[in-house]
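For reference, the structure discussed in these notes is given below.
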Amino acid sequence: MQLKLVVIGVLVCCYLAILYSPIHAAEQDSIPTIAISKTNSNYLDFVIVKNKVVAINSDHQLVVWDLNQLDTVYLTNQIRSLQCTAICKSKQNDVYIATTNGGVFKIDPSTLNCELVLNCQSPITAICINSRNKIFLVTKGGVYNPLSGKKWTKFRNHTKGIIYHKSILGIYTKRSDCYFSKPQFTYLDSQDRWWLCSSYGEFGGDIEIFDTRHQRIYNNKFDSLSAGAYNPKSIFEDDKGTIYLTSGLQHMHSSGQIYRIATKNKATKIFSSRDFKDTSVDVRMMPIGIIEIIANLDQELFVGPGTYNSKDSSIYFATDAGFYKAHLPITGKIKTIIPLFEPELNCCCEPLAVGKSMAVLKVEWNANQTLFFLTALNGIGFYDGKKITFLK
């Protein structure tokens, strides 16, 4: 929570300016920002393949950016006509696109040739290609294997904030915690487990897990972690295959956590924004002898998505106060977080909470150690250590 005071008077202004001058001395220099706009739409998701960013915009059209030219690439009429709903990348760096009519297309990132792989004749909301090059989809009501025709629907959901009623013979309904919830984002880990994540604001969140290698629903009950106590913002893993979950929410006040999920689903909290509360005081000079004092009263970070960098064994994560870096401890909690940059981003209101939604939706590295991030309203950004570039 922030407390603002406006003080009038030349003497008071001078006194406070001198008193709080060290605060201004500690501020970081601004980082140059470049914005390149080619469309009027926002982006829903993207993948990085060599020197290209392949993305789906909010009009469900495919957009390809050439990172060398910092310009969009011409696409054939066939590709431009696709109504895309989901995108993923295989281990072989082939791009797969799912469409509203159930089609799955394979796109060669070098030539941008498009090939229809299959058609399940049902709208697709998520797609993954596991390490054995098997395709799995999220369609209406469950996870679907288009080759065998089998669908998995009976996932165990642990959140208490969402009440689901199952119809019995079309006569009456019964409350159930065994159902499939359409995910807001997904992550396929190195063990071919597909993490399907959702956040319901003040009502908590849930994670459904499907083992694509053995084709079965995976246990999603975490030790020492209640489903109503987290709001998933990202899933990622380190170079040893350990899973990490970032969680954040702004409801009345900001909060954020990072969990390490080890074998047998043992979850350990390694970061809490409560341990890094902002209690600073900012003084801003205004016209005609007016000074504005902004006091942060135990302000916590609103944590968003994160990712791991094997080069420095650190995690990088987004917050409502910019991007941070933290070295991963072998045991215990994160002791220090390092601010990196704070881009100016637009955001929306959180529909199921009293507060704003996270402005950053996805974070990942490319092969050249450039940090890419998907935003809700400002396009796709990337930070090369010197400047921030936005592609829209």
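The values are calculated or read from the model by the stated rules, or taken from the named source; none is laboratory data. Worth saying up front: this structure is predicted, and the values here are computed from it rather than measured. Positions of Cβ are backbone-derived with ideal geometry, glycine not excepted, and every protein chain shown enters the neighbour counts.
Considering (1) surrounded by 15 or more Cβ atoms within 10 Å (Cβ to Cβ); (2) more than 25 Å from Ile36 (Cβ to Cβ), say which one Pro339 fails and leave the rest. With respect to (1) surrounded by 15 or more Cβ atoms within 10 Å (Cβ to Cβ); (2) more than 25 Å from Ile36 (Cβ to Cβ), Pro339 is out only on (1). Among the residues making up region 347-368, those that are in a loop (DSSP other than H, G, I, E, B) and at pLDDT 95 or above are Ser357, Met358, Ala359, Asn366. Residue pairs whose Cβ atoms lie under 8 Å apart, sitting 6 or more positions apart in sequence or on different chains, and linking a residue in region 92-117 that is over 19 Å from His60 (Cα atoms) to a partner that is part of a loop (DSSP other than H, G, I, E, B) and among the polar types (S, T, N, Q), are Gln92/Asn133.
Within this structure, Pro329 passes the test of being out of contact with any Asp or Glu (no Cβ under 8 Å at 6 or more places or on another chain) and either over 24 Å from Thr186 (Cβ atoms) or in a loop (DSSP other than H, G, I, E, B) (or both). Of all residues in region 208-227, at least one satisfies being within 21 Å of the chain's Cα centre (by Cα), at pLDDT below 95 and more than 24 Å from Thr307 (Cβ to Cβ). Taking the criterion of being in contact (Cβ under 8 Å) with a residue 24 or more places away in the chain, in a loop (DSSP other than H, G, I, E, B) and not hydrophobic (A, V, I, L, M, F, W, C), the residues of region 42-75 that qualify are Asn42, Lys50, His60.
In this structure, Gly228 does not qualify as touching a helix residue (DSSP H, G or I) at 6+ places or on another chain (Cβ under 9 Å) and part of a strand (DSSP E or B). Within region 165-184, one or more residues are under 30 Å from Lys240 (Cα atoms), in a loop (DSSP other than H, G, I, E, B) and at pLDDT 95 or above. Annotation note: Cβ proximity below 7 Å between a residue of region 375-392 that is among the β-branched types (Val, Ile, Thr) and a residue that is outside any strand (DSSP E or B) (sequence gap 6+ or interchain) occurs for Thr375/Leu345; Thr375/Ala359; Ile388/Ile31; Ile388/Pro343. Of all residues being free of Cβ contacts under 8 Å to residues at least 60 places away in the same chain and either closer than 25 Å to Met252 by Cα or in contact with a Phe, Trp or Tyr (Cβ under 9 Å, 6 or more places away or on another chain) (or both) in region 183-198, which is surrounded by the most Cβ atoms within 10 Å (Cβ to Cβ)? Just the residue, please. Per the criteria, the residue is Trp195. In region 76-150, counting only strands (runs of 3 or more DSSP E) that sit wholly within it, the ones holding 1 or more residues that are out of contact with any Cys (no Cβ under 6 Å at 6 or more places or on another chain) and surrounded by fewer than 16 Cβ atoms within 10 Å (Cβ to Cβ) span 114-119. Can you confirm whether region 187-205 contains a residue that is in contact with a Pro (Cβ under 8 Å, 6 or more places away or on another chain), modelled with pLDDT of 95 or more and assigned to a strand (DSSP E or B)? The answer is yes, given that some residue of region 187-205 is in contact with a Pro (Cβ under 8 Å, 6 or more places away or on another chain), modelled with pLDDT of 95 or more and assigned to a strand (DSSP E or B). Among the residues making up region 256-279, those that are of a type in the set (S, T, N, Q) and over 19 Å from the mean Cα position of the chain (by Cα) are Thr263, Asn265, Thr268, Thr279.
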